[in-house]
Amino acid sequence: MSCWETVQGYALRSLGIGERLLPRGEITLCEQFTLIGSGLIWNVYFGVLALLFGFFFAVALAVGKASPRRWIRKPAEWFIFIFRGSPLFIQFFLAYEAFVMLPRVGVEINLGFIEITAESRWFARAWLGALIVLFFNTSAYAGEIFYGALRSVPKGDLEAADAYGLSGWKRFRRVVFPTTMRLAWPAYTNEAIFLFHATTLVFFSGFPAFRQQGDALYYAQYFADRTFNPFVPYPIVAFYFVILTLLVISVFGLINRRLNRHLPSDRRQRIKYRPQVIR
């Protein structure tokens, strides 16, 4: 099988499209690059959706934590504290055990005039259960980032908004929120990078790969076990994630430039990648 035939057969295998059987016999470098790249589709899936939905939830958490009302502030504070205070791997484990305990036939919801059976068996699958854990985790970290930026909004901006007669939702939408995003975006970029790296933990969690349709690390371990040489597949995984990191920095850099378009070029805060050794 030529390299092009390998790409055609295995490029979308992680989605259930293409060859069903994994390569056996002599493993080629093309097969390793193709299948690990195919598995990376799931890592991108986890990262993009968790970031997309987590962004809005994180903003809600930051606003809730800054609220003067105790019944709003305390739940936001505890949510952020629990998900930032516990290891992500433990969150995966506990979530999987909780989802497995859900009835396989579904959860019955009685609305009085109609009874609905909500499907629950998919929560024990990685594509949904692991995504929920990543969503909660990144929301907690991003919520704390946004909260810090929210508290750092210059007092002069708020006084200017008051002078223009802006109050309530209009002041938040036109003054507070844009300034918060401008201040928080560099730190949030690093959180996004870490989230994509954290998607590799899905492989080590209890969530099973459906029909051998795993992520990048799933295929890397398969090749390491078959060839008894981990120094080829794992560097390939690292190479793909370096490319993914550069892509995230580029996209978030464009957004950061858009957020700071009104500032002089010498005052614009540039995005710098600061790797987190411990989280």
- line: Given the candidates ALA11, LEU254, ILE41, the one whose Cα lies deepest towards the positive end of the charge dipole of the chain, counting +1 at each Lys or Arg C-beta and -1 at each Asp or Glu C-beta, is LEU254
message: Given Cβ point charges of +1 (Lys, Arg) and -1 (Asp, Glu) and nothing else, what value in debye, to the nearest 20, does the dipole of the chain about its Cα centre take?
response: 1280 debye
Selected from GLY37, GLY143, GLY64 as most flexible by GNM, with the chain as the system and alpha-carbon contacts under 10 Å: GLY64
- line: Tilt, helix 233-259 to longest principal axis of the chain (alpha-carbon atoms), in degrees rounded to tens, equals 20 degrees
statement: In degrees rounded to 10, the 0-90 angle between helix 131-151 Cα long axis and the longest Cα principal axis of the chain is 30 degrees
- prompt: Which number do you get for Rg(Cα) / (2.2 N^0.38 Å) in the chain?
  reply: 1.20
field: Computed [θ] at 222 nm, helices only, for the chain once each DSSP H run of length n ≥ 4 contributes -39500 (n - 2.57)
entry: -20500 deg cm²/dmol
task: Compute the acute angle (0 to 90°) between the alpha-carbon long axis of helix 70-85 and the principal axis of greatest extent of the alpha-carbon atoms of the chain; round to the nearest 10°.
output: 40 degrees
message: So if each residue of separation counts as 0.36 nm, and I subtract the Cα-Cα distance between THR28 and TRP127, what length gain in nm does that give?
response: 32.7 nm
- prompt: Per residue, how many Å² of accessible area does the stretch 21-62 show with a 1.4 Å probe?
  reply: 43 Å²
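The values are calculated or read from the model by the stated rules, or taken from the named source; none is laboratory data. Bear in mind that the values here come from a model prediction, so they are computed numbers and not experimental data. Note that we place each Cβ from the backbone using ideal geometry, even for glycine, and neighbour counts take in every protein chain shown. Ligands, DNA and RNA are stripped out before the accessible areas are found, and what is left, the full protein with its side chains, is counted by its heavy atoms. Shrake-Rupley method; radii C 1.70, N 1.55, O 1.52, S 1.80 Å.
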